[in-house]
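The structure under discussion appears below in the form of structure tokens.
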Amino acid sequence: MNPTQPVIAVVGGGISGVILTIALTRRGLNVQLYEQAAKFGEIGAGVAFGPNAVRAMGVCSPDVTRAFETVVTRNQSPEKQQVWFDFCDGFSDYPVGEEKVLFTLANEMGVMSVHRANFLDAMVKLVPDGITQFNKRLESIEEPDSLNDKVKIKFQDGTEALADAVIGCDGIKSRTRAWMLGQNHPGAKPVYTHKYAYRGLIPMEKAIEALGEQNAKNAKMHLGRDGHFLTFPVQGGKTMNVVAFRTKSDPWPDQSRMTKPSTKEAAFADFKDFGPTVQKIIELLEPNLDIWGIFDTGDHPMAAYNKGRVCVVGDAAHATSPHHGAGAGICIEDSAVLAELLASPEIRAAGMRGFEAAFQIFSDCRKERTQWLVQSSRRSGDLYEWRAKGVEDDFEKIGAECKERCEKIWDGQIEDMCHDALSCVATALQR
Ligand code: FAD
């Protein structure tokens, strides 16, 4: 760390915080990373990326792309390499593994999935030694009185740290967001979307035996009334990842916890109207399962992602439901744009004013796309579950609308996003 250079505190070591830290340090900026947990960690579930995310990784650092390539799993069949998902009617009575594909969404790279923990491990190796502090749970932030002073960060353990700028990457329950908006602001907390998901991992040999090779080894989504059920390969094709969504009007029991224990029996009851393939997949799951409540920030989107020399990135700024499989990818886009801004020579030369300007530009440039994603993801969840008014179970309409929405995400060109942001620097610095 160069002691003469300003210090950027990144709070939260998830996908956003770790990749942003890599992007900033690769550009020669000083970063201190604070994580509330005792070590970096992710759950053992799958996460899928589209082409926009992979392009953004490359801008963060080519090392990120290289590390991603060591853990990525694509559809296993050669003819499915460009397929995102094959969609079928989950309520149909076709025998196991024989259901008809209604429509396919595809892009130039297909679906690229990783086991979350493996992905984070690969990224963490790229974080320079000595800049991460664990067991540091952000409690509050104190803004400086003048541009010459530092921002004070207060942690739950009673310690404090000073930084020239603070970037909250502290996820859907972000303390940074709550501090920016005020604890009692409705946007300070995420909202339950009345969807929840069972998640499971099935060894690939068992999945192939039950479903056949094509179905087990390639991404597939079963659409149904008030539920949808998807599978895709992870861990180099050794494991089949399962995510099964259900919509119910009941409230989520405990707003402070996003998961709750459940069972395979409950999954059978929730998906009883689905056909033989879905029943077979549930049979293969473990007897005890966790249910994930699906929350987002869609009811109260932030008016700005910045406040002075503090900024929020990733889920902290715009947590989305996962129906586009794009939340993490958009976090990586955020990291690329913000790193390019903070590394720009004009921003660096402007010192503390540079941070304020960069965060303002980041907010202005990222709000539209990221907040559109949150709403579009909600809409997609409803399309998959025949809940979209005027569309219902018209598969042709579902397919056409999903295609248009997905292409808006996948076609996102990170170079253009960075270029647009950088073109605002001169004006922002004159304000
Ligand atoms: P997080 O992953 O939540 O990381 C936040 C980090 O900050 C954590 O390490 C946490 O410990 C730390 N932290 C929190 N509070 C504090 C504090 N006060 N002080 C210090 N540290 C703190 N996206 C996709 O692109 N594709 C998918 O297929 C996909 N599937 C999904 C499936 C489900 C069921 C869900 C719920 C989400 C899915 N997403 C997917 C979305 C994706 O998981 C998130 O967008 C992404 O993980 C957000 O990363 P993040 O780093 O911003 O936040």
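Hey, among G41, G28, G17, which residue is within 15 Å of the ligand (Cβ to nearest atom), outside any helix (DSSP H, G or I) and not assigned by TED's automatic domain parsing to the domain that holds P203? If you could, list the steps in order and put the result at the bottom.
Working: G28 fails: within 15 Å of the ligand (Cβ to nearest atom); G17 fails: outside any helix (DSSP H, G or I).
Checking each option against the conditions leaves just G41.
How many residues are in a helix (DSSP H, G or I), charged (D, E, K, R) and open to solvent by less than 40 Å² (accessible area, probe 1.4 Å) when one looks only at the range 64-94?
Of the residues in the range 64-94, the ones in a helix (DSSP H, G or I) are 64-71, 78-80.
Adding the requirement that they be charged (D, E, K, R) leaves 66, 69, 79-80.
Next, from what is left, pick out any that are open to solvent by less than 40 Å² (accessible area, probe 1.4 Å): 80.
Count: 1.
Restricting to the range 188-209, what's the tally of residues that are closer than 17 Å to A317 by Cα, in contact with an Asp or Glu (Cβ under 8 Å, 6 or more places away or on another chain) and surrounded by fewer than 20 Cβ atoms within 10 Å (Cβ to Cβ)?
Qualifying residue count, the range 188-209: 1.
Where the second residue is part of a loop (DSSP other than H, G, I, E, B) and of a type outside the set (A, V, I, L, M) and the first is at positive phi and lies in the range 88-100, which pairs have Cβ atoms under 6 Å and are six or more apart or on separate chains?
Pairs found: G97/G212.
Could you tell me whether any residue of the range 206-216 is under 22 Å from S77 (Cβ atoms) and in a strand (DSSP E or B)?
Kept after step one, since they are under 22 Å from S77 (Cβ atoms), are these residues of the range 206-216: 206-216.
Next, only the ones that are in a strand (DSSP E or B) stay: none.
Taking every residue of the range 206-216 in turn, none turns out to be under 22 Å from S77 (Cβ atoms) and in a strand (DSSP E or B).
For K125, all conditions in the list (1) on the phi < 0 side of the Ramachandran plot; (2) outside the structural domain of L341 (by TED's automatic domain parsing) hold save one; what is the number of the exception?
If we test K125 against (1) on the phi < 0 side of the Ramachandran plot; (2) outside the structural domain of L341 (by TED's automatic domain parsing), just (2) comes out false.
If we keep just the residues of the range 1-25 that are open to solvent by 40 Å² or more (accessible area, probe 1.4 Å) and in contact (Cβ under 8 Å) with a residue 40 or more places away in the chain, which is nearest to R66 (Cα to Cα)? Working first, answer last.
First, the residues of the range 1-25 that are open to solvent by 40 Å² or more (accessible area, probe 1.4 Å): 1-6.
Narrowing the set further to residues that are in contact (Cβ under 8 Å) with a residue 40 or more places away in the chain leaves 1, 6.
On the way: M1: 25, P6: 29 Å.
Step by step, filter the range 1-25, then rank; the result is M1.
Considering only residues that are in contact with a helix residue (DSSP H, G or I) (Cβ under 8 Å, 6 or more places away or on another chain) and either among the β-branched types (V, I, T) or within 23 Å of V47 (Cβ to Cβ) (or both), which ones fall in the range 202-213? Working first, answer last.
First, the residues of the range 202-213 that are in contact with a helix residue (DSSP H, G or I) (Cβ under 8 Å, 6 or more places away or on another chain): 202, 204, 206-208, 210-211.
Within the range 202-213, I202, M204, K206, A207, I208, L211 qualify.
Out of (1) more than 29 Å from I332 (Cβ to Cβ); (2) surrounded by fewer than 17 Cβ atoms within 10 Å (Cβ to Cβ); (3) touching a Lys or Arg at 6+ places or on another chain (Cβ under 9 Å), the odd one out for A266 is which?
(3)
Could you list, in sequence order, the residues of the range 140-159 that are outside any loop (DSSP other than H, G, I, E, B), open to solvent by less than 70 Å² (accessible area, probe 1.4 Å) and free of Cβ contacts under 8 Å to residues at least 40 places away in the same chain?
From the range 140-159, those outside any loop (DSSP other than H, G, I, E, B) are 140-142, 151-155; that's our starting set.
With open to solvent by less than 70 Å² (accessible area, probe 1.4 Å) added as a condition, the list becomes 140-141, 151-155.
Result: S140, K152, K154.
Among (1) among the aliphatic types (A, V, I, L, M); (2) near the ligand (Cβ under 9 Å from one of its atoms); (3) out of contact with any Phe, Trp or Tyr (no Cβ under 9 Å at 6 or more places or on another chain); (4) open to solvent by 10 Å² or more (accessible area, probe 1.4 Å), there is one condition V47 misses while meeting the rest; what is its number?
Just one mismatch for V47, condition (3).
Could you tell me which residue of the range 50-63 is nearest to the chain's Cα centre (by Cα), considering only residues that are open to solvent by 10 Å² or more (accessible area, probe 1.4 Å) and more than 13 Å from the ligand (Cβ to nearest atom)? Reasoning before the result, please.
Pass one, the range 50-63, residues open to solvent by 10 Å² or more (accessible area, probe 1.4 Å): 54-55, 58-59, 62-63.
Still in the running and more than 13 Å from the ligand (Cβ to nearest atom): 55, 58-59, 62-63.
On the way: R55: 15, G58: 17, V59: 18, P62: 20, D63: 20 Å.
Out of the qualifying residues, it is R55.
Go through the range 245-276 residue by residue and tally those that are within 23 Å of the chain's Cα centre (by Cα), among the aliphatic types (A, V, I, L, M) and more than 15 Å from the ligand (Cβ to nearest atom).
Count: 0.
The values are calculated or read from the model by the stated rules, or taken from the named source; none is laboratory data. Worth saying up front: this structure is predicted, and the values here are computed from it rather than measured. All Cβ positions, glycine included, derive from the backbone under ideal geometry; neighbour counts span all protein chains shown. Heads up: the accessible areas ignore ligands, DNA and RNA and are worked out on the full protein's heavy atoms, side chains in. Shrake-Rupley method; radii C 1.70, N 1.55, O 1.52, S 1.80 Å.
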